[in-house]
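Before any comments, here is the structure.
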């Protein structure tokens with residue numbers, strides 16, 4: 001009976017629901033405990049960390065006591081606030097939550113289903129590797145061609161240090177890199193009289209599409225790259241050695257430097273026009289929230305995955321049972337019961353219509369297939 | 001197959017000529033009919049004509065892999081796209097214009113009429129100048145003449161329309177030209193095709209300059 005129930009459950013679940021359950025199962029196998037939270041938080045939490053949010057627009061309301069609240073536009077901030085730090089340990093949480101914010105450049109607010117995980121505490125290279133691998137596996141579960149584009153913010157920081165770029169120049173450089181706008185970068189280097197050799201390095205970085213295990217070798221010639229960044233990438237490359245991977249270095253991938261540091265990544269699935277996953281190491285957020293430890297995690301923008309596959313039913317039902325006032329309702333009841341027991345879906349109607357495989361006419365009391 | 005959104009009009013025709021010279025012709029597109037989609041499987045391209053201001057929407061939402069958009073549209077809408085190439089055509093500038101005898105009174109909020117409120121807002125924010133932005137959809141030159149605004153921020157090509165309405169360029173905001181833009185997801189799954197096209201088109205641009 002249990003197996004039968006499982007089987008029928010898997011038949012009626014949409015591909016999106018199956019994926020959601022699959023992800024929950026995947027994360028739990030790696031020790032990530034589900035984290036449930038309220039739909040709203042104090043507005044103050046988001047006001048203080050506005051830059052961390054995908055959009056700074058938040059739906060607010062006053063609680064009965066007069067306190068300004070917000071419908072949750074983000075999950076990570078709530079989890080970070082709840083995590084407790086114990087030296088040498090880490091807390092691992094997974095979540096499936098709805099957040100409320102405008103999507104992309106849209107003006108309207110949307111309910112966005114998001115799932116993901118956060119690993120918070122005393123972290124090492126293995127934790128980064130595990131989270132990045134789980135991000136990859138989350139993408140692979142869509143059963144569509146996918147890419148996990150990754151970078152390390154230390155590379156960008158070292159390059160900007162080598163250029164002695166000020167805050168505003170760093171912001172512009174990040175924007176141009178994110179847009180892969182080599183012509184604008186050339187223009188900027190020329191107007192600032194920055195060294196040609198560094199422009200060449202930057203363009204080389206934009207052209208590198210290597211997996212994590214090959215990356216350290218590809219960065220070997222960049223003399224301005226700090227040893228600690230090399231060491232982190234080396235540790236990741238050792239863990240990735242010999243593993244099949246969908247992770248590809250992409251220097252255009254970035255994150256807000258006030259929150260993120262180190263590894264950053266974004267996931268793309270063929271057929272979906274924007275990134276469906278985003279994550280990385282965000283120790284700086286913890287610092288800003290005056291919490292000890294480190295953190296790494298990611299979010300899957302689940303609502304976007306609706307664009308994949310087609311769960312639309314070809315038919316409204318297998319069988320349309322037509323009946324009228326002359327049809328004994330007990331006959332109708334028994335016929336519906338018999339058909340559903342055979343595993344067919346049934347629609348009992350007084351008039352024809354809709355898309356069905358077969359119509360059975362019980363009108364006038366007759367049974368006429 | 002690469003899907004490319006071309007802006008309807010002279011700019012689109014000019015860029016198509018560059019794409020054709022770069023090895024991406026589509027004879028069907030050159031025939032005078034009213035179709036909007038044209039395909040050349042041998043060259044691996046499908047072109048479609050769209051309203052210039054809609055190009056970035058088609059590319060951002062993945063209906064097109066690539067598109068040709070003016071820098072003005074990119075700055076105003078900040079779409080999440082890759083800007084791969086400056087095509088150095090459709091060259092003009094975004095400028096502040098007003099009456100030739102205009103004198104900015106810093107004691108007052110400057111009234112600025114524009115089709116590009118984000119570009120104008122960012123420009124004046126960078127100068128810490130208090131402004132009131134008035135969004136118009138056309139005939140911007142009328143605004144200072146009728147006293148609706150003090151100045152305008154608009155695209156200026158030759159300056160003739162401004163001159164004919166007694167206005168002059170007071171300041172340049174930024175240069176504008178046509179750009180080749182790409183959808184980030186398409187770039188990841190059609191990397192080689194897109195890089196090849198951008199490379200060949202880049203050679204055409206260098207050749208034309």
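Values quoted throughout were computed directly from the atomic coordinates according to the rules given, and no laboratory measurement underlies them. The shown structure was predicted, so the numbers you read here are calculated from the model rather than taken from an experiment. Counting neighbours? That spans all protein chains shown, and the Cβs are built from the backbone with ideal geometry, glycine included.
The mean sequence separation of alpha-carbon pairs under 8 Å and at least six residues apart, normalised by the residue count of chain A, gives a relative contact order of 16 percent. The angle between the Cα long axis of helix A:167-178 and the longest principal axis of the Cα atoms of chain A comes to about 50 degrees, rounded to the nearest 10. Fewest-first ordering of A:237, A:28, A:94 by other beta carbons within 10 Å of each residue's beta carbon gives A:28, A:237, A:94.
Over all pairs of different C-alpha atoms in chain B, the reciprocal of the mean inverse distance, the Kirkwood hydrodynamic radius, equals 18.5 Å.
Model label sites at residue A:350 and residue A:337, defined 7 Å from Cα along the beta-carbon direction, differ in position by 2.4 nm. May I ask you to work out the translational diffusion coefficient for region A:315-365 at 37 °C, viscosity 0.692 mPa s, via Stokes-Einstein with Rh from the Kirkwood sum over Cα pairs, reported in whole µm²/s? Result for D is 305 µm²/s. Pairwise Cα separations in the protein assembly as shown fall into 10 Å bins from 0 onward with the following percentages, short to long: 3, 14, 20, 22, 19, 12, 6, 3, 1, 0.
Can you give the FRET efficiency to the nearest 0.05 for residue B:51 and residue A:50, using r as the Cβ-Cβ distance and R₀ = 56 Å?
Efficiency for this residue pair is about 0.95.
Relative contact order, percent, of chain B when contacts are C-alpha pairs under 8 Å separated by at least 6 residues?
The normalised contact order for chain B reaches 28 percent.
Spin-label model, residue A:204/residue A:17: points 7 Å from Cα along the beta carbon direction are separated by 5.4 nm. Estimated from helical segments only, the mean residue ellipticity of chain B at 222 nm is -9000 deg cm²/dmol, where each DSSP H run of four or more residues counts as -39500 (n - 2.57). Contact order, relative form, for region A:144-281: 42 percent (alpha carbon pairs under 8 Å, 6 or more residues apart, mean separation divided by residue count). Against chain B, whose longest principal axis comes from its Cα atoms, helix B:10-21 is set at around 30 degrees. Treating r as the C-beta distance of residue A:289 and residue B:145 and R0 as 60 Å, the FRET efficiency rounds to 0.65. Here the extension length gained between residue A:157 and residue A:111 equals 13.0 nm, from 0.36 nm per residue of separation less the Cα-Cα distance.
Normalised by residue count, region B:93-161 yields a Cα convex hull volume of 87 Å³ per residue.
Compute the FRET efficiency between residue A:359 and residue B:107 as 1/(1 + (r/R0)^6), taking r as their Cβ-Cβ distance and R0 = 60 Å, and round to the nearest 0.05.
0.15
Over chain A, DSSP H runs of length four or greater, each weighted -39,500 (n - 2.57), average out per residue to a 222 nm ellipticity of -11000 deg cm²/dmol.
Counting 0.36 nm for each residue step from residue A:326 to residue A:314 and taking away their Cα separation leaves a gain of 1.2 nm. Full extension of the chain between residue A:25 and residue A:68 gives 11.8 nm of extra length, using 0.36 nm per residue less the Cα-Cα distance. Roughly how tilted is helix A:329-341, in degrees to the nearest 10 and between 0 and 90, from the longest Cα axis of chain A? Orientation of helix A:329-341: about 40 degrees from the principal axis.
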